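Single-structure report; data block below.
Each value in this text was obtained by applying a stated rule to the coordinates, not by laboratory testing. Only a predicted model underlies this, so the values are computations on that prediction, with no experimental measurement involved. Note that each Cβ is placed from the backbone with ideal geometry, even for glycine, and that neighbours are counted across all protein chains shown.
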Amino acid sequence: MRTTLVPSTARHRCHHRRRAGTVLVIFMVSLAMLSMTAAALLRVTLLQRSMVRNNELRIQSEWLFQSAVVRASSRLRSNAEYSGEEWNIAGESLGQTFDAVAKISIEAVDGKTNERRASITVIYPPDDAERATVSRSVTISL
């Protein structure tokens, strides 16, 4: 039986390579975990940004709906034959970059000559894939 002795420098080199490989694997796993965490944070940030934008569009649409009610009421008081309109609102007049559309339709209320039903649909912004729509009917007294 023959025994070969490995010089201590060779053993040291082998041990050093194993340690370097282990450190490299740990580094790669840590980098992968960090990348996944960053991707998740980015996704959450984009989702929150989208939610804020949708909320902004919804609130602006509600205000535009109220403006359309006031407009319809004013028009009815000055002209009892007013039947509605498609009101195109320029973004500049809103202090915004997007335009808006309010579709106003007026109908008589059965049995009540001094009231009209206004059906109003507001679309803001009308040309964008992400938009808010508010659609309701209100009764307006003349």
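Hey, can you tell me all the residues within region 64-81 that are surrounded by 15 or more Cβ atoms within 10 Å (Cβ to Cβ) and either over 24 Å from the mean Cα position of the chain (by Cα) or without any contact (Cβ under 8 Å) to a residue 24 or more places away in the chain (or both)?
Initial filter on region 64-81 (surrounded by 15 or more Cβ atoms within 10 Å (Cβ to Cβ)): 64-65, 67-69, 71-73, 75-76.
The answer is Val69, Arg71, Ala72, Ser73, Arg75, Leu76.
Among all residue pairs at least 6 apart or on different chains, which show Cβ distances below 7 Å where the first residue, located in region 90-106, is in a helix (DSSP H, G or I) and the second is of a type in the set (D, E, K, R) and surrounded by 15 or more Cβ atoms within 10 Å (Cβ to Cβ)?
Gly91/Asp99
Is there a residue being surrounded by fewer than 16 Cβ atoms within 10 Å (Cβ to Cβ) and assigned to a strand (DSSP E or B) anywhere in region 53-62?
The answer is no, given that none of the residues of region 53-62 is surrounded by fewer than 16 Cβ atoms within 10 Å (Cβ to Cβ) and assigned to a strand (DSSP E or B).
Could we say that Arg131 is surrounded by 12 or more Cβ atoms within 10 Å (Cβ to Cβ), in contact with a Phe, Trp or Tyr (Cβ under 7 Å, 6 or more places away or on another chain) and not hydrophobic (A, V, I, L, M, F, W, C) here?
Numbers: surrounded by 12 or more Cβ atoms within 10 Å (Cβ to Cβ): yes; in contact with a Phe, Trp or Tyr (Cβ under 7 Å, 6 or more places away or on another chain): yes; not hydrophobic (A, V, I, L, M, F, W, C): yes.
The answer is yes for Arg131.
Taking the options Ala20, Ala68, Ala32, Ala38, name whichever one is hydrophobic (A, V, I, L, M, F, W, C), closer than 19 Å to Val101 by Cβ, out of contact with any Cys (no Cβ under 6 Å at 6 or more places or on another chain) and in a helix (DSSP H, G or I). Spell out the reasoning first.
On the way: Ala20 fails: closer than 19 Å to Val101 by Cβ; Ala32 fails: closer than 19 Å to Val101 by Cβ; Ala38 fails: closer than 19 Å to Val101 by Cβ.
Of the residues listed, the single one that is hydrophobic (A, V, I, L, M, F, W, C), closer than 19 Å to Val101 by Cβ, out of contact with any Cys (no Cβ under 6 Å at 6 or more places or on another chain) and in a helix (DSSP H, G or I) is Ala68.
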